[in-house]
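Derivation of every value follows stated rules applied to the coordinates shown; laboratory data play no part. Here the structure is a predicted model, which means the values were calculated and not measured. All Cβ positions, even for glycine, are placed from backbone atoms using ideal geometry, and neighbour counts span all protein chains on display.
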Amino acid sequence: MSRCKATPTRRGNENSRKSSKKVSKPNHQQRFRPATTALRDFRLYQQATKLEIAKLSFKRFVLELTHEWNTMLKYEASAIKILHYASEEYLVEIMENAYRCAQHSNRITLKLEDIQLASRIRLEQA
């Protein structure tokens with residue numbers, strides 16, 4: 001009697017097994033230069049419409065400042081809102097210019113002298 005060999009069974013495609021064992025490279029986050037992210041944040045703050053300083057604390061600050069000169073002053077809500085927007089825009093502009101001054105002197109960290117220089121430059125331009 002002759003011997004019959006069993007037909008081989010397929011266990012899956014070998015190519016698919018090899019591709020699943022492929023070693024993937026670790027995902028590295030893109031590293032931006034130090035000045036790039038800060039300037040991007042300044043642009044974002046300039047375009048944003050929401051206020052960063054709390055409304056009530058800003059109102060308290062304005063009332064405290066004006067109370068030194070005149071105790072009888074009262075403000076409408078729209079006037080406080082306009083002052084709030086203008087002051088935040090001014091602060092963002094000063095900080096952006098100060099950061100550019102720090103970048104010009106090959107530093108990343110802001111110093112008081114950068115902010116003073118930026119405010120002096122801004123006054124000379126006006």
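So if I average 1/r over every pair of distinct C-alpha atoms in the chain and take the inverse, what Kirkwood radius in Å does that give?
Numbers: mean 1/r = 0.0486 Å⁻¹.
So the Kirkwood estimate lands at 20.6 Å.
Which parts of region 86-126 would a label at PHE61 reach, counting a residue when its backbone N lies under 12 Å from a point 7 Å out along Cα-to-Cβ?
Taking a point 7 Å out along Cα→Cβ of PHE61, the residues of region 86-126 whose backbone N falls under 12 Å are 86-92.
Can you list which of the trypsin sites (Lys or Arg not before Pro) found in region 71-126 are DSSP loop residues with at most 15 other C-beta atoms within 10 Å? List each step's numbers first, then the result.
Values: sites: LYS74, LYS81, ARG100, ARG107, LYS111, ARG120, ARG122; in loops: LYS74, ARG107, LYS111.
Here the sparse-neighbourhood loop sites are LYS74, ARG107, LYS111.
With springs only between Cα atoms under 10 Å, which of ASN70, ASN27, ASN97 fluctuates most in a Gaussian network model of the chain?
Answer for the Gaussian network model of the chain: ASN27.
In a shell of Cβ-Cβ distance under 13 Å around ALA48, excluding ALA48 itself, what net charge do Lys and Arg (+1) and Asp and Glu (-1) give? Kindly include the intermediate steps, with their values, before the conclusion.
Values: positive: ARG40, ARG43, LYS50; negative: ASP41, GLU52, GLU88, GLU89.
That sum, taken over residues with Cβ under 13 Å, equals -1.
What do you get for the angle between helix 55-67 and the principal long axis of the chain? Use alpha-carbon atoms, 0 to 90 degrees, nearest ten.
Value to nearest ten degrees: 20.
What range in the chain is the longest one free of chymotrypsin sites (Phe, Trp or Tyr not before Pro) that are in a loop by DSSP and have at most 11 other Cβ atoms within 10 angstrom?
Working: sites that count: PHE32, TRP69.
Result for the longest clean stretch: 70-126.
So what's the net charge close to HIS67: Lys and Arg +1, Asp and Glu -1, counting the other residues with Cβ under 14 Å from its Cβ? Mind dumping the intermediate values first?
Numbers: positive: LYS59, ARG60, LYS74; negative: GLU64, GLU68.
Charge balance near HIS67 sits at +1.
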